[in-house]
Ligand SMILES: [Zn+2]
């Protein structure tokens, strides 16, 4: 802190022996001593008052700190890929080829895993078989938009539908009452198709996995065939 040349001169005049005792350890201890000397020479006013020199010293020190933090920041850029690492980690977990993990791979981006995790185990297995049977282009055009829904979420959809269609009866055509939807039981999935060919394939082949599209007006709503045989 007392490394300014002017301050040294000043101090030597007044307290030569004491100043030397203080300066020697400071100069050797501080790796920035050269930087500080250069700064002091480049800014004459600083050298006029020892107190001002003490204030000026943090400037190069903080500049050096900035430089020091810049390389960590550059190193931090790989943090962006490493935040993308979150996905590979998830994929690592998906390396366990559970039915839920496989189906999560078909879930529309941004949708909660709960759509998959809440499905009945036997239905998950049927869906895995169904997707596995798809030709590559069909599979690429088919995703899972919705699956398990809580009763609370169903109530939100129901209230919205009643508002939209004007009556319970009209709403019931489109949305099941809370607790009544097969989605609430983990026994229904709404598919999303990117190509009409995918719709055709799904409807032709669902039966092979014992799946069905029970509601003709919802060509995306697929269920285990058994769940409506009762
Ligand atoms: Zn549905």
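Data table
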| item | result |
| --- | --- |
| Set 144, 116, 138: member being within 13 Å of the ligand (Cβ to nearest atom), outside any loop (DSSP other than H, G, I, E, B) and in contact with a helix residue (DSSP H, G or I) (Cβ under 7 Å, 6 or more places away or on another chain) | 144 |
| Residue check, residue 162 more than 32 Å from the chain's Cα centre (by Cα) and either surrounded by 15 or more Cβ atoms within 10 Å (Cβ to Cβ) or not assigned by TED's automatic domain parsing to the domain that holds residue 103 (or both) | yes |
| Options 206, 212, 198, 202; residue that is assigned by TED's automatic domain parsing to the domain that holds residue 131, over 17 Å from residue 114 (Cβ atoms) and away from the ligand (no atom under 15 Å from the Cβ) | 198 |
| Enumeration of residues in the range 160-188 that are outside any loop (DSSP other than H, G, I, E, B) and either within 16 Å of the ligand (Cβ to nearest atom) or at pLDDT below 95 (or both) | 160, 161, 171, 172 |
| Residues within the range 215-230 that are in a loop (DSSP other than H, G, I, E, B) and within 10 Å of the ligand (Cβ to nearest atom), tallied | 3 |
| Unique match (being within 29 Å of the chain's Cα centre (by Cα), within 15 Å of the ligand (Cβ to nearest atom), closer than 17 Å to residue 111 by Cα and free of Cβ contacts under 8 Å to residues at least 24 places away in the same chain) among 157, 191 | 157 |
| Evaluation of residue 115 against (1) out of contact with any strand residue (DSSP E or B) (no Cβ under 9 Å at 6 or more places or on another chain); (2) surrounded by 14 or more Cβ atoms within 10 Å (Cβ to Cβ) (one fails), failing number | (1) |
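The values are calculated or read from the model by the stated rules, or taken from the named source; none is laboratory data. Predicted model, so just to flag it, every value in this text is computed and none were measured. Neighbour counts are summed over all protein chains in view; Cβ atoms, including those assigned to glycine, are modelled from backbone coordinates with ideal geometry.
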